[in-house]
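The values are calculated or read from the model by the stated rules, or taken from the named source; none is laboratory data. Bear in mind that the values here come from a model prediction, so they are computed numbers and not experimental data. No Cβ is skipped: glycine too gets one built from the backbone with ideal geometry, and neighbour counts run over all protein chains shown. Protein only, heavy atoms only, side chains kept; ligands, DNA and RNA dropped before computing areas. Shrake-Rupley method; radii C 1.70, N 1.55, O 1.52, S 1.80 Å.
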Amino acid sequence: MIGCSDRCWGIVLPRTSGDQGVPGENHWEQPAREQRLVTPYHPRPPPPLSPFPLPALCAIWTPLPTAMGLNFSTQLDQRMRDYLKGRADILLNDIRPHCRGQNIAAILNKVWNEVEPRPSQAPQLLRNKAEQRGLKPEDTVLLSGFVVLTSVTEYTEILQRTWPHFNGVADNYWKDQYTNCPTDHPLFLWHPYRPHLILCFHTADDLRYWSALLADGIRHLNTVLFRKDSFEVRAFLEAVRVCRMQKGQYGICDLYFGSETEILSNMVMEDLCPVLESQLLPHIRGPESKRKQTWLKMIGEMYAVVEMHVSEGFQALLRENEEQSLQLEKKIRSDFNQILTSKKQLVAKLQESLGERVRWCCEAQVRPHLESARDRLADPMNAGLEETRRLFSEEVNRVISVVKSTEQSSSSLAEVCSQLQALPYQSAHVQHCYKKTETLEQSLGELEPRFSFTGFRFLTHRAQNIIQQLLEDAVYTFQHLLVSTQPATGLSAEVSQRLDNTQVRVLKKLDSDSTAVRRQFVRDSLLEIFLPYVLKTVEPICKPELPMYEGCLCTDDDDGLIQIESTYNELVLHIVSEEINKAMKETSTQPSYSLYNESMGGLWNNEAQLGIAEDPRTSLAKVTLPASPEELPEPASAVGLLTALENSKLSEVQDEWQCLQKNLDVANQASDESKSAE
């Protein structure tokens with residue numbers, strides 16, 4: 001790992017020739033001590049036919065005189081290490097029952113999907129599976145959770161926000177030391193708990209190129225779990241979410257980045273840092289300019305101890321879950337009908353008593369902001385997708401022009417198309433597409449104070465992953481169609497025509513998939529923003545009543561296969577998804593997977609749909625809504641209001657039907673009279 005020793009050191013990069021990453025003349029800095037070559041992590045390595053050369057790194061081990069934990073000679077004593085391990089064990093013990101419970105829910109959903117598969121719209125583009133081929137990078141750099149900062153001002157500001165206790169006159173002394181770098185183009189890699197890194201570059205072009213490359217690697221590592229489509233990963237993420245909810249912490253945030261071990265370690269540090277600040281900060285001695293250095297050094301060492309212990313504990317937890325999952329799946333499959341019947345009864349009870357409370361909250365607090373948030377999410381995503389289409393079209397046009405300008409049609413086609421394979425992995429080129437989505441935080445800034453949403457970086461990463469996957473699929477589909485429609489003669493005219501036709505077909509498929517993924521991104525993002533807020537808002541008035549429903553469960557359910565709280569969360573998820581679908585003007589009520597477990601959607605769609613009558617819940621929007629959760633109605637009054645509305649609507653429908661019948665009889669009588677007269 002670059003720079004992760006007990007002292008932080010900088011990196012000086014050789015000059016490169018352009019954005020393509022092709023090394024030019026290397027002008028190495030003379031290292032003061034030892035130097036070694038390190039190959040940077042590449043998010044998704046290109047196919048072997050299209051190598052993507054990168055300039056090497058020259059590591060300088062001389063510590064820079066910056067505030068990154070230097071001049072700190074004391075090590076953590078055994079008492080502190082035992083304390084940190086104890087805090088890690090507390091978290092592992094807390095999350096263990098949640099992991100088991102969410103494994104049960106995930107297996108139930110898995111079996112339910114096998115019994116009643118849900119239709120899904122197939123993409124037009126062919127899916128590129130480079131990751132499934134087993135291709136591995138030559139070397140890796142652990143960068144998950146880091147933030148790329150390209151100026152001293154940005155680095156200083158993020159330090160001041162993270163550790164405000166040290167803000168003061170000493171920061172000016174610090175800022176003077178930051179500029180003491182080997183070159184005039186530094187790049188900072190910041191992490192809340194790991195040692196920070198400084199990379200120094202010869203030119204501004206090198207700085208831009210490597211900042212784009214490192215940002216891609218960080219994004220890839222940050223979202224490694226969210227790209228895995230397995231019920232085990234979903235169960236783990238749901239267990240983390242429920243565990244944090246019990247502590248009053250709702251919604252997605254930066255601690256979800258990285259692997260399972262990193263997420264759990266971040267949770268330990270999230271609870272631990274306030275304690276450390278209150279107990280250790282007053283005892284840090286030394287001049288003011290060195291106290292922050294000492295503190296950052298201590299945090300880095302503590303995080304390393306926590307991460308190592310969490311890794312060992314999580315492996316043991318995984319083994320427990322694997323053994324339990326095999327037994328639970330056998331029991332669920334054998335008793336699935338009985339489990340489903342019992343859960344339907346619980347669903348009906350929860351809908352009857354708590355459903356209207358959640359709906360009132362959604363209509364009063366969420367519905368007024370849905371359309372605005374939808375548009376603010378769609379605009380940056382649209383800009384990123386349009387830039388992606390433009391980039392792909394330009395590169396294909398370049399390929400076509402090169403092929404048409406050469407006599408060797410078949411050989412040149414294979415050679416030039418192999419260069420097109422590297423396009424999705426060229427960070428400097430695709431960075432223009434990614435930049436369009438980085439305005440999400442600015443667009444959604446007004447939601448942060450009202451809904452306490454801080455997952456802007458998570459949404460940005462998700463949008464950029466979508467863009468990269470679309471670009472990979474478009475390139476892969478273009479090459480596949482060329483091979484499948486290869487003419488027998490191989491004449492230049494036929495090759496040119498085939499290229500033009502293939503480009504048109506792929507662009508149409510790209511446009512179709514772009515529309516689908518944009519809707520999916522907006523829908524999932526709205527769920528990430530508003531679902532935690534609704535859960536937090538209705539918790540004081542709904543959670544205390546959940547133990548009352550234990551009598552609805554089967555008495556022989558010793559394994560806890562049906563969980564009241566999980567079913568309640570699914571109810572809230574379903575109601576919020578209904579509101580989002582209304583804002584999206586869609587009829588589907590089945591939520592797609594984001595951070596949350598997929599609910600057993602068929603259980604919630606058992607209400608009669610009348611085509612000629614207005615939905616009673618739509619009429620609730622016309623009633624004066626409460627301004628706060630405390631004003632929400634009791635279950636009896638809410639049900640009474642709904643019943644009154646249903647009765648009034650039913651009487652109106654009956655009157656309209658009788659009137660329609662009379663008009664129809666009159667029309668039939670007139671028709672009969674006219675026929676007899678003729």
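Scanning region 222-252 for residues that are of a type in the set (A, V, I, L, M, F, W, C) and farther than 15 Å from Leu535 by Cβ yields Val224, Leu225, Phe226, Phe231, Val233, Ala235, Phe236, Leu237, Ala239.
Of the candidates Thr388, Thr406, Thr439, the single residue that is surrounded by fewer than 20 Cβ atoms within 10 Å (Cβ to Cβ), hydroxyl-bearing (Ser, Thr, Tyr) and either closer than 30 Å to Asp206 by Cβ or modelled with pLDDT of 90 or more (or both) is Thr439. Quick check on Cys200: is it touching a Gly at 6+ places or on another chain (Cβ under 6 Å) and surrounded by fewer than 21 Cβ atoms within 10 Å (Cβ to Cβ)? For Cys200, the condition - touching a Gly at 6+ places or on another chain (Cβ under 6 Å) and surrounded by fewer than 21 Cβ atoms within 10 Å (Cβ to Cβ) - is met. Scanning region 142-156 for residues that are at pLDDT 85 or above and either out of contact with any helix residue (DSSP H, G or I) (no Cβ under 8 Å at 6 or more places or on another chain) or open to solvent by less than 20 Å² (accessible area, probe 1.4 Å) (or both) turns up Leu143, Ser144, Gly145, Phe146, Leu149, Ser151, Glu154, Tyr155.
Of the residues making up region 237-275, those that are in a loop (DSSP other than H, G, I, E, B) and open to solvent by 10 Å² or more (accessible area, probe 1.4 Å) are Lys247, Gly248, Gln249, Tyr250, Gly251, Cys253, Ser259. Quick one: would you say Cys362 is surrounded by 14 or more Cβ atoms within 10 Å (Cβ to Cβ), touching a Phe, Trp or Tyr at 6+ places or on another chain (Cβ under 9 Å) and farther than 30 Å from His574 by Cβ? Against the criterion (surrounded by 14 or more Cβ atoms within 10 Å (Cβ to Cβ), touching a Phe, Trp or Tyr at 6+ places or on another chain (Cβ under 9 Å) and farther than 30 Å from His574 by Cβ), Cys362 does not qualify. Under 9 Å between Cβ atoms, at least 6 apart or on separate chains: pull out the pairs that start in region 110-125 with a residue that is farther than 17 Å from Ile332 by Cα and end on any residue that is open to solvent by 100 Å² or more (accessible area, probe 1.4 Å) and at pLDDT 75 or above. Partner pairs satisfying both residue conditions: Gln124/Lys508. Among the residues of region 203-234, how many are among the small types (Gly, Ala, Ser), open to solvent by less than 30 Å² (accessible area, probe 1.4 Å) and either touching a His at 6+ places or on another chain (Cβ under 8 Å) or more than 24 Å from Ile466 (Cβ to Cβ) (or both)? Summing the residues that are among the small types (Gly, Ala, Ser), open to solvent by less than 30 Å² (accessible area, probe 1.4 Å) and either touching a His at 6+ places or on another chain (Cβ under 8 Å) or more than 24 Å from Ile466 (Cβ to Cβ) (or both) in region 203-234 gives 1.
The C-beta contact set for region 209-227 (first residue at negative phi, second residue among the hydroxyl-bearing types (Ser, Thr, Tyr) and part of a helix (DSSP H, G or I), distance under 6 angstrom, 6+ apart or interchain) comprises Ala212/Ser427; Leu213/Ser427; Asp216/Ser427. Scanning region 77-117 for residues that are touching a Phe, Trp or Tyr at 6+ places or on another chain (Cβ under 9 Å) and either charged (D, E, K, R) or open to solvent by 80 Å² or more (accessible area, probe 1.4 Å) (or both) turns up Lys110, Val115.
How many residues, within region 321-348, are open to solvent by less than 70 Å² (accessible area, probe 1.4 Å) and either over 14 Å from Gly560 (Cβ atoms) or not β-branched (Val, Ile, Thr) (or both)?
14
Against the test of being touching a helix residue (DSSP H, G or I) at 6+ places or on another chain (Cβ under 9 Å) and open to solvent by 20 Å² or more (accessible area, probe 1.4 Å), the options Val430, Val517 yield a single qualifying residue, Val517.
For region 284-298, state whether one or more residues are assigned to a loop (DSSP other than H, G, I, E, B), touching a Lys or Arg at 6+ places or on another chain (Cβ under 7 Å) and closer than 29 Å to Lys110 by Cα. Step through it out loud before you land on a result.
If we filter region 284-298 for residues that are assigned to a loop (DSSP other than H, G, I, E, B), which is where we start, we get 284-287.
Then keep just the ones that are touching a Lys or Arg at 6+ places or on another chain (Cβ under 7 Å); that gives 284.
This time we only want the ones that are closer than 29 Å to Lys110 by Cα, so: none.
Looking through region 284-298, none of the residues is assigned to a loop (DSSP other than H, G, I, E, B), touching a Lys or Arg at 6+ places or on another chain (Cβ under 7 Å) and closer than 29 Å to Lys110 by Cα.
The set of residues in region 442-474 being assigned to a helix (DSSP H, G or I) and hydrophobic (A, V, I, L, M, F, W, C) consists of Leu447, Phe451, Phe456, Phe458, Leu459, Ala463, Ile466, Ile467, Leu470, Leu471, Ala474.
Take Thr406 and tell me if it is assigned to a loop (DSSP other than H, G, I, E, B), farther than 18 Å from Thr388 by Cα, hydroxyl-bearing (Ser, Thr, Tyr) and touching a residue at least 60 places away in the same chain (Cβ under 8 Å). Criteria not met by Thr406.
Being of a type in the set (Asp, Glu), closer than 16 Å to Thr162 by Cβ and over 26 Å from the mean Cα position of the chain (by Cα) is true of Glu277.
Quick check, is Ala316 in a helix (DSSP H, G or I) and within 18 Å of Tyr83 (Cα to Cα)?
no
Of everything in region 537-558 that's modelled with pLDDT of 85 or more and farther than 17 Å from Glu570 by Cβ, which residue is most open to solvent (accessible area, probe 1.4 Å)? For region 537-558, the residue satisfying everything is Met548.
Here Asp511 does not qualify as assigned to a helix (DSSP H, G or I), out of contact with any helix residue (DSSP H, G or I) (no Cβ under 6 Å at 6 or more places or on another chain) and surrounded by 18 or more Cβ atoms within 10 Å (Cβ to Cβ). Inspect region 362-383 for any residue being assigned to a helix (DSSP H, G or I) and at pLDDT below 90 and give the result as yes or no. Within region 362-383 (the criterion being assigned to a helix (DSSP H, G or I) and at pLDDT below 90), the answer is no, since none of the residues qualifies.
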